[in-house]
Amino acid sequence: MTPGARRPRVLLLAGSSLDRPGGTDTQLAAAVAETVSDADFTWFTHWPQRGGSPPVDHGRQVPLPGVDGLPRRLRRPLMAAAGAALARHADLVHAVLSVDEGFPAFSRMLPPLLRGKPVLHTVPGVRDTRVLRRSRPLGQTVALSSATARELSSAGFGHVLVLPPVVRLERWPYTPRPSGPTPRVLVIGHVGPNGGAEEAVMAAGVAARAGARFRLTLALRPRSGYPGRSPAASVLALAEHEGLRDVEVLGHVPDMRALMASADVLLFVPQVPGARADVPLTVLEALSTGRPVILGDHPQFAVLGDTVLRAPVGDARRTGHLLRQLLDRPHWWQVLSEQGRATVEARFGPERFAARYARLYRELLS
């Protein structure tokens, strides 16, 4: 910025209020506010507030009553109306929103309310490509991966920029491999179709039958609308069927950094990546910590290159044998561990992330 110039005022709109535990939308929006120092941000918080530390230690927080308890189809209109009111005092609106079932209506409602205010839209992921036909661009669009940028461009979103997400390196320090007698394999995902939990358990079964010895820890978020037994019951039943004995299923994890540091390997193999972000923050956090990652080979993960191990999507046999080989080869583990941290520092660090968004703000406001 020019010395003495007024800093741009930016309204951040995410999938929910920034002070509530949420998905990649809210995490990425908070990272923007934390790292981009050349702007003054405003964002929504939950009301009534429950105490605790704010997600960002500067900027303006605006309470929005009841928004987090609503389904997306009702939450988005409320956020659009409230955002339009706040946008009168902003220079730019930055929406950090995945394209999901609530986005088409939101994409038609918000722009007329803003009356020509410039909008930057960061798309963490496209959860259902079918809704793209009913969606409209909010403004300049940014994707986290080239694969999603192509999908959005083909759906009429114009020239879509690619800007990878960020990892706060000081919060996810590199840690040595745990020294316990039994390695821990950590799985992050959801229970239900395409959530990655069942796929990971089947791959772990292949590894165990091939001779690998490990503990399996599944940190699973519930998915609304999934019928049947509890997540723990269904996953443990499948694990027993696969011959796995040392298995634990976790729900809410209060300290993910400690859990990640206690693991040897992260297994992330959902069949449909749109259920989470294009480049999942959990994967980047694992790499930053020095934990090798085994992924399903989705095109969205191409930006990670050879930093991760990839198996064909849905191929439990190939995934399981990769897991066995990685656990049995300490030197290979160490090479991948150091390479993962170096890649995150080079491609996903906060300085590069902040500089690119600050430049985008200047271009949109010029």
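Of the residues making up region 260-281, those that are at pLDDT below 95, part of a loop (DSSP other than H, G, I, E, B) and surrounded by fewer than 23 Cβ atoms within 10 Å (Cβ to Cβ) are Q271, V272.
Residues in region 237-250 that are open to solvent by less than 70 Å² (accessible area, probe 1.4 Å) and assigned to a helix (DSSP H, G or I): A237, L238, A239.
Among the residues making up region 282-300, those that are part of a helix (DSSP H, G or I) and either modelled with pLDDT of 90 or more or charged (D, E, K, R) (or both) are T282, V283, L284, E285, A286, L287, S288, T289. So the check is Cβ under 8 Å with 6+ separation or different chains; which pairs have a first residue in region 180-196 that's closer than 20 Å to P330 by Cα and a second one that's at pLDDT below 90 and assigned to a loop (DSSP other than H, G, I, E, B)? Once the first residue is closer than 20 Å to P330 by Cα and sits in region 180-196, no partner that is at pLDDT below 90 and assigned to a loop (DSSP other than H, G, I, E, B) comes close enough. Does R60 count as touching a helix residue (DSSP H, G or I) at 6+ places or on another chain (Cβ under 8 Å), open to solvent by 30 Å² or more (accessible area, probe 1.4 Å), at pLDDT below 90 and not acidic (D, E)? No. Scanning region 70-129 for residues that are free of Cβ contacts under 8 Å to residues at least 60 places away in the same chain, surrounded by 19 or more Cβ atoms within 10 Å (Cβ to Cβ) and small (G, A, S) yields A80, A84, G102, S107.
Tallying residues that are at positive phi and buried (at least 21 other Cβ atoms within 10 Å of the Cβ) within region 282-336 yields 1.
Each row is one residue, and each column tells you yes or no for (1) assigned to a loop (DSSP other than H, G, I, E, B); (2) touching a Lys or Arg at 6+ places or on another chain (Cβ under 9 Å); (3) at pLDDT 75 or above.
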{"site": "G4", "(1), (2), (3)": "yes, no, no"}
{"site": "Q27", "(1), (2), (3)": "no, no, yes"}
{"site": "T42", "(1), (2), (3)": "no, yes, yes"}
{"site": "M79", "(1), (2), (3)": "no, no, yes"}
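Would region 350-366 turn up any residue that is part of a loop (DSSP other than H, G, I, E, B), out of contact with any His (no Cβ under 8 Å at 6 or more places or on another chain) and open to solvent by 10 Å² or more (accessible area, probe 1.4 Å)? Within region 350-366 (the criterion being part of a loop (DSSP other than H, G, I, E, B), out of contact with any His (no Cβ under 8 Å at 6 or more places or on another chain) and open to solvent by 10 Å² or more (accessible area, probe 1.4 Å)), the answer is yes, since at least one residue qualifies. Output the residues belonging to region 137-160 that are open to solvent by less than 50 Å² (accessible area, probe 1.4 Å) and assigned to a strand (DSSP E or B). If the condition is that a residue be open to solvent by less than 50 Å² (accessible area, probe 1.4 Å) and assigned to a strand (DSSP E or B), then T141, V142, A143 are the ones that fit. A count restricted to region 196-216 and to residues that are of a type in the set (K, R) and either part of a helix (DSSP H, G or I) or open to solvent by less than 40 Å² (accessible area, probe 1.4 Å) (or both) stands at 1. Checked against (1) farther than 28 Å from A208 by Cβ; (2) in contact with a helix residue (DSSP H, G or I) (Cβ under 8 Å, 6 or more places away or on another chain); (3) open to solvent by less than 40 Å² (accessible area, probe 1.4 Å); (4) of a type outside the set (D, E), R347 passes all but a single condition, namely (3).
The values are calculated or read from the model by the stated rules, or taken from the named source; none is laboratory data. Model, not experiment: these values are computed from the prediction. Note that we place each Cβ from the backbone using ideal geometry, even for glycine, and neighbour counts take in every protein chain shown. The protein model used for the area step is the full one, side chains on, heavy atoms only, and it has no ligands, DNA or RNA in it. Shrake-Rupley method; radii C 1.70, N 1.55, O 1.52, S 1.80 Å.
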